[in-house]
Amino acid sequence: MRKLLLTLICSLAGAGAAMAQTSLADIQAAVAASSSELDQVDAMLADTDPNRRLAALKLLIASGEPLFVKRAKEVGLLSSDPEMQKVAVAATLDQGGPFRLEIDLSQLEEGSSLHKLIQDYDGSIDETAKLGRVTFSTLPYDADRKCWPAADGKLCAIIPTGAAYSLDEWQYGSGSLELQPDGALTGTFNFNRGGFERVGAPARIPLAE
């Protein structure tokens with residue numbers, strides 16, 4: 001398929017009006033080839049044998065082909081198969097982001113400790129939507145620390161804990177999230193600085209976007 005697409009690009013770059021019909025044929029062939037490949041990818045990821053579809057997911061992600069990787073992660077994140085979910089979440093977090101921690105502030109008074117913590121994280125608050133957003137990135141999974149470190153490497157941004165994902169190393173914050181059918185890690189995030197009242201709110205990190 002890469003050769004076909006390369007031929008198409010070259011022909012478009014050097015062809016004149018006389019080549020218009022040939023270029024259209026090349027486009028149609030490239031579209032057909034791409035569609036056929038994705039159909040085959042979808043078929044492998046939908047195999048009735050859980051071991052075969054999990055193997056397909058891992059191999060497609062490891063292929064490095066952007067189109068295959070993207071489709072495999074999407075299918076894994078939206079899958080009801082816990083093993084496929086884990087592989088897809090890991091591959092997504094390994095990629096580094098950036099990701100968004102979205103915190104529902106609708107049940108808290110303006111200026112709460114959680115509001116201030118979001119600001120300390122250099123996040124933003126939409127007072128109209130009552131939503132706080134904190135952007136962060138991750139390093140690839142660190143097997144020694146058993147987590148995905150934050151981009152600066154100082155703290156663990158996300159820690160896998162069974163079926164859940166913990167945010168317990170965030171400064172003065174903690175959370176526990178689980179993957180939901182919409183492809184988002186969803187749960188709660190709390191302000192838990194010692195000596196202050198603990199304040200929590202619903203939170204999510206969209207992964208399938």
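The values are calculated or read from the model by the stated rules, or taken from the named source; none is laboratory data. From a predicted model like this one, the values you see are computed outputs, not experimental measurements. The area values use the complete protein model at the heavy-atom level, side chains included, leaving out ligands, DNA and RNA. Shrake-Rupley method; radii C 1.70, N 1.55, O 1.52, S 1.80 Å.
Quick notes
- Residues whose placed amide H lies under 5 Å from that of L207, excluding near-sequence neighbours: A184, L185
- What a 1.4 Å probe finds exposed on the range 48-137 is 49% carbon and sulfur by accessible area, rounded to a whole percent.
- Shape metrics for the range 50-157, restricted to C-alpha atoms - Rg then Dmax, Å: 17.2, 51
- Remark: relative contact order (the range 58-209) = 20 percent; criterion is Cα-Cα distance under 8 angstrom and separation of 6 or more residues.
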